[in-house]
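Trainee: Just dropping this structure here.
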Amino acid sequence: MKKSVLVTGGGGFVGANLVRLLLRENNAVTVLDDFSAGSHQFLSGLNVDVVEGSILDCELVNTVVRRSNGVVHLAAQTGVPGSLLQPRRDCEINVIGTLNVLEACRRAEYAKDRRRIVFASSNAPLGRQTPPATEDKAALPVSPYGASKLAGEAYCLSYQTSFGLATTVLRFGNVYGPFSVHKTSVVAKFLEDLCSRGRITVDGDGSQTRDFIYVEDVCRAIHSALCSQADGEIFQIATGVETSISRLANLIEITVGHKIKADYKPARHGDVLRNFSVIEKAHRVLSWQPRTGLDAGLRETWQWYQDNRSRYQHLGAMSA
């Protein structure tokens, strides 16, 4: 059956990829985005109802939620550095914005006919926990961003038990792939630096680790969650593979076909040193697992940059 899905933040990196997958799966898609980070261009030519506005606008959120029968809530302040610069703004967007979406779903009686809300989170809420990240570890955030995403998770889970909303929380690993030209996550930053100045900058000594997951795999996980009955559950969405930043730089050298010069600067305050996940629960409950290895994903992403960077280059300057 054709489903009407609202994607908040659908004009951003993950959203641009998710919208395409949802359309391929014969869904009607509405995007709510203020385009402070993403771009109208990412959605150009797609059969999507685009509503420009903020998740902090309660009346607008109520309107777009009422005409949808599923929500993927991606809109957020999406990084540690931004939360350190403007912690109150981070809280407003990630906590109050999420509460607005949940309240709109409650008023629209989502619980009555089992319409689902999928909330995009990350491992930032776990913070000081020793990896690997699992769903049952206590959250110990080390940044305002981690704290705000933890609050969003908590509201989703509490609205499931208090009001019967079908909420599912997905904690993404370090996502990379097409349409990330405006992002400051490490893969996007390395590729943009290579394109713009021919060398990369490494925060710290390169020994810190991440769990890199290709965006198409993340989008498949979101779709699986939308179609699931996993009420009030949290899932780690990653690959389960721990990769150091130094190893990532080596793989990018192989991808681009030449040696890369690197500058090193102090590690960023609030960043964790090691980060990777156990994904057994997502495999068991959502019947999901990643399909794209890091080497293949980097090739696909680099090819997209070569084909499309000039078209979206201004977005990187805007988000820097």
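Trainee: Cross-link candidates for K261: which lysines have Cα within less than 26 Å, leaving aside residues fewer than 8 places away along the same chain?
Mentor: Straight-line reach from K261, under 26 Å: K183, K189.
Trainee: Quote the relative contact order of region 119-269 in percent (integer), defining contacts as alpha-carbon pairs under 8 Å separated by 6+ residues. All intermediate terms of the calculation are to be shown ahead of the outcome.
Mentor: Numbers: 232 pairs, mean separation 39.6, N = 151.
Normalised by residue count, the contact order of region 119-269 is 26 percent.
Trainee: Can you compute 3J(HN,Hα) from phi for each residue in region 84-90, using the Karplus curve 6.51 cos²θ - 1.76 cosθ + 1.60 with θ = phi - 60°, rounded to whole Hz and x for Gly and Pro?
Mentor: 6, 6, 9, x, 5, 4, 4
Trainee: Right, something else. As an exercise, identify the trypsin sites (Lys or Arg not before Pro) in region 241-320 lying in DSSP coil whose Cβ has no more than 12 other Cβ atoms within 10 Å.
Mentor: Here the sparse-neighbourhood loop sites are K259, R291.
Trainee: Show the residues, 5+ positions off or on another chain, whose built amide H is closer than 5 Å to the amide H of F172.
Mentor: Sorted by chain and number, the residues that satisfy this are S121, S122, N123, I237.
Trainee: Over region 193-299, what percent of the accessible surface lies on carbon and sulfur atoms, probe 1.4 Å? Write out the running numbers ahead of the final one.
Mentor: Numbers: 2500 of 5100 Å².
Reported share for carbon and sulfur atoms: 49 percent.
Trainee: Roughly how many whole Å is it from the C-alpha centroid of region 13-88 to that of region 281-298?
Mentor: Region 13-88 and region 281-298 have Cα centres separated by 24 Å.
Trainee: Under the rule of -39500 (n - 2.57) per DSSP H run of 4 or more residues, summed and divided by the residues of the chain, what mean residue ellipticity at 222 nm is obtained, to the nearest 500 deg cm²/dmol?
Mentor: Numbers: 11 runs with 132 residues, N = 320.
The helix contribution divided over the chain gives -13000 deg cm²/dmol.
Trainee: Please report the antiparallel percentage of the DSSP beta bridges confined to the chain, to the nearest 5.
Mentor: Just about 5 percent of them are antiparallel.
Trainee: Among (1) 50; (2) 56; (3) 47, find the value of percent of Cα pairs over 25 Å apart that was calculated from the structure presented, and write down its label.
Mentor: Answer label, from the structure shown: (3).
Trainee: Here's another thing I want to ask about it. Say each of T184 and A296 gets a label point 7 Å from the Cα, pointing the same way as Cα to Cβ; how far apart are those two points in nm?
Mentor: With each label point 7 Å from Cα toward Cβ, the separation is 3.3 nm.
Trainee: Quick one: net charge of G15's neighbours, Cβ under 14 Å, K/R +1, D/E -1? Write out the running numbers ahead of the final one.
Mentor: On the way: positive: R20, K183; negative: D33, D34, D49, E52, E216.
Result for the local shell: -3.
Trainee: Follow-up. Rounded, prolate or oblate: which fits region 239-296, taking a ≥ b ≥ c as square roots of the Cα gyration tensor eigenvalues, rounded meaning a/c under 1.5, else prolate when a/b beats b/c?
Mentor: Numbers: a/c = 4.50, a/b = 1.51, b/c = 2.97.
The shape class here is oblate.
Trainee: Another one. Can you tell me the length gained on complete extension of the stretch L85 to C58, counting 0.36 nm per residue apart and subtracting the Cα distance?
Mentor: Numbers: separation 27, 0.36 × 27 = 9.72 nm, distance 2.54 nm.
Length gained, L85 through C58: 7.2 nm.
Trainee: Next up: If R₀ is 22 angstrom, what is the calculated FRET efficiency for the pair S162 and R66, using the beta carbon separation as r and rounding to 0.05? Working shown, then result.
Mentor: On the way: r = 21 Å, r/R0 = 0.94.
With R0 = 22 Å, the Cβ-Cβ based efficiency is 0.60.
Trainee: Along the Cα→Cβ direction, 7 angstrom out, place labels at E92 and A154. What is the inter-label distance in nm?
Mentor: In this crude label model, E92 to A154 measures out at 2.1 nm.
Trainee: Please give the FRET efficiency for A249 paired with R128, using the beta carbon to beta carbon distance and R0 = 35 Å, rounded to the nearest 0.05. Walk me through the numbers before you get to the answer.
Mentor: Values: r = 26 Å, r/R0 = 0.75.
E(calc), rounded to 0.05, equals 0.85.
Trainee: If each residue of separation counts as 0.36 nm, what is the full-extension length gain between R199 and D231 once their alpha-carbon separation is subtracted?
Mentor: 7.0 nm
Trainee: Suppose the chain between W304 and H40 were pulled fully straight at 0.36 nm per residue; how much longer would it get relative to their current alpha carbon spacing? Provide the component values of the computation, followed by the final result.
Mentor: Values: separation 264, 0.36 × 264 = 95.04 nm, distance 1.79 nm.
93.2 nm is the gain from fully extending W304 to H40.
Trainee: I've got another one for you. Which aspartates and glutamates have a Cα lying under 17 Å from the Cα of K3, excluding residues fewer than 8 positions away in the same chain?
Mentor: Reachable aspartates and glutamates: E25, D49, E109, D113.
Trainee: Could you pull out every residue, at least 5 positions away or on a different chain, whose amide H is within less than 5 Å of the one on V50? Hs are placed 1.01 Å off N in the peptide plane, and Pro or chain starts have none.
Mentor: V31
Trainee: Hey, another quick one. Relative contact order of region 1-105, please, whole-number percent, based on alpha carbon pairs below 8 angstrom and at least 6 residues apart. Could the numbers behind the result be given before it?
Mentor: Values: 173 pairs, mean separation 32.1, N = 105.
Relative contact order here is 31 percent.
Trainee: Can I ask one more? Return the FRET efficiency for the residue pair H269, Q289: r is the Cβ-Cβ distance, R0 is 35 Å, and the value is rounded to the nearest 0.05. All intermediate terms of the calculation are to be shown ahead of the outcome.
Mentor: Details: r = 34 Å, r/R0 = 0.98.
Efficiency at R0 = 35 Å is approximately 0.55.
The values are calculated or read from the model by the stated rules, or taken from the named source; none is laboratory data. Here the structure is a predicted model, which is why all the values come from computation and not from measurement. Ideal geometry is used to build each Cβ from the backbone, glycine not excepted, and the neighbour counts take in all protein chains shown. SASA here: full protein model, heavy atoms, side chains in, ligands and nucleic acids out. Shrake-Rupley method; radii C 1.70, N 1.55, O 1.52, S 1.80 Å.
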